[in-house]
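Asker: One structure, as structure tokens, below. Some questions next.
The values are calculated or read from the model by the stated rules, or taken from the named source; none is laboratory data. The model shown is predicted, which means the values in this text are computed figures rather than measured ones. Using ideal geometry, Cβ is built from the backbone for each residue, glycine included, and neighbour counts are taken over all protein chains shown.
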Amino acid sequence: MIKLEKVSKTYQTDKVETLAVKDIDLHVRKGEFVCMMGPSGCGKSTLLNLIGLLDRPGSGTVHVDGIPVKAYKDKQVAQMRNSTFGFIFQSFHLINDLRVIDNVELPLLYRSMNGSERRALARAALEKVGLGARMEHYPNQLSGGQQQRVAIARAIVGRPQVLLADEPTGNLDSKMGAEIMEILKKLNEEGTTIVMVTHDEQEARQVGRIVRVFDGQLVA
């Protein structure tokens with residue numbers, strides 16, 4: 001489903017050139033739950049951004065469903081990113097001035113659908129993560145675990161094929177983290193492909209495949 005071939009990415013500043021990832025070959029198959037592990041600064045988040053089309057490689061090719069992404073124009077890449085991927089981050093990135101249901105609706109504003117359709121999908125996503133009773137609340141009225149559930153609902157509201165999660169339990173205690181992992185595993189069992197970055201070996205052992213990253217390269 002997602003295939004990276006000899007992908008490298010270098011970040012350039014006025015004084016420093018940093019090679020973030022180098023010659024990455026990675027194939028994520030439909031329905032997999034892949035966990036990326038490695039020390040801080042090893043390139044995991046850069047790799048996740050390349051998979052999710054948030055960034056473009058300096059060299060190499062990213063394929064989505066067998067088609068090289070570089071064959072698409074920027075607008076087409078943005079449309080593919082919005083329809084194919086859902087994103088979950090360590091920080092919840094919720095807008096405190098918007099109700100929970102309005103936060104969840106946000107990704108749908110870029111799609112051709114009316115307000116009632118958006119609202120119905122947002123309600124369904126919140127029900128799926130167990131927050132059907134919290135739709136009218138504001139983020140600052142929720143616990144950290146509940147806010148991450150809202151972030152997951154926002155990520156899945158557009159029914160993406162792939163969820164990309166960057167340290168989704170990193171800001172949570174062990175109990176809340178375990179609850180988030182259960183939600184992710186259930187979504188995977190229902191057919192969603194998941195690629196997750198984590199430092200937690202125990203979490204990683206719960207998934208189908210572990211990919212280890214060190215100094216920007218995949219290691220055995």
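Asker: Sort out which residues of segment 166-197 are acidic (Asp, Glu) and without any contact (Cβ under 8 Å) to a residue 60 or more places away in the chain, and write them in order of number.
Answerer: Residues of segment 166-197 that are acidic (Asp, Glu), as a first pass: 166-167, 173, 179, 182, 189-190.
Across segment 166-197, the qualifying residues are ASP173, GLU179, GLU182, GLU189, GLU190.
Asker: Hey, any hits in segment 12-26 for a residue that's out of contact with any helix residue (DSSP H, G or I) (no Cβ under 6 Å at 6 or more places or on another chain), within 28 Å of GLN147 (Cβ to Cβ), exposed (fewer than 14 other Cβ atoms within 10 Å of the Cβ) and of a type in the set (A, V, I, L, M)? Show your work before the answer.
Answerer: So in segment 12-26, the residues out of contact with any helix residue (DSSP H, G or I) (no Cβ under 6 Å at 6 or more places or on another chain) come out as 12-19, 22-26.
Those left that are additionally within 28 Å of GLN147 (Cβ to Cβ): none.
Looking through segment 12-26, none of the residues is out of contact with any helix residue (DSSP H, G or I) (no Cβ under 6 Å at 6 or more places or on another chain), within 28 Å of GLN147 (Cβ to Cβ), exposed (fewer than 14 other Cβ atoms within 10 Å of the Cβ) and of a type in the set (A, V, I, L, M).
Asker: Okay, next question. Find the residue count for segment 156-202, including only residues that are among the polar types (S, T, N, Q) and within 14 Å of the chain's Cα centre (by Cα). Walk me through how you get there before you give the answer.
Answerer: Within segment 156-202, the first condition is being among the polar types (S, T, N, Q), and the residues that meet it are 161, 169, 171, 174, 188, 192-193, 198, 202.
Now drop any that are not within 14 Å of the chain's Cα centre (by Cα), which leaves 161, 169, 188, 192-193, 198.
Here the count works out to 6.
Asker: Just name the residue that is nearest to ILE51 (Cα to Cα) out of those in segment 155-175 that are touching a Phe, Trp or Tyr at 6+ places or on another chain (Cβ under 9 Å) and crowded, with 23+ Cβ neighbours inside 10 Å.
Answerer: Going through the qualifying residues, I end up with LEU164.
Asker: Could I ask something else about it? So which of ILE88, ILE95, ILE101 is outside any loop (DSSP other than H, G, I, E, B), in contact with a Leu (Cβ under 9 Å, 6 or more places away or on another chain) and in contact (Cβ under 8 Å) with a residue 40 or more places away in the chain?
Answerer: Values: ILE95 fails: outside any loop (DSSP other than H, G, I, E, B); ILE101 fails: in contact (Cβ under 8 Å) with a residue 40 or more places away in the chain.
The unique qualifying residue is ILE88.
Residues checked against (1) touching a strand residue (DSSP E or B) at 6+ places or on another chain (Cβ under 9 Å); (2) modelled with pLDDT of 95 or more; (3) outside any helix (DSSP H, G or I):
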position	(1), (2), (3)
ALA178	no, no, no
ILE194	yes, yes, yes
HIS199	yes, no, yes
GLN206	yes, no, yes
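Asker: Still on this model: Picking from ASP55, ASP25, which residue would you name as being assigned to a strand (DSSP E or B), touching a residue at least 24 places away in the same chain (Cβ under 8 Å), among the charged types (D, E, K, R) and within 20 Å of GLN217 (Cα to Cα)? Please lay out each step first, then the result.
Answerer: On the way: ASP55 fails: assigned to a strand (DSSP E or B).
Matching residue, one of ASP55, ASP25: ASP25.
Asker: Okay, moving on. Of (1) buried (at least 18 other Cβ atoms within 10 Å of the Cβ); (2) touching a Phe, Trp or Tyr at 6+ places or on another chain (Cβ under 7 Å); (3) within 27 Å of ARG118 (Cα to Cα); (4) at pLDDT below 95, GLY52 satisfies all except one. Which?
Answerer: GLY52 satisfies every listed condition except (4).
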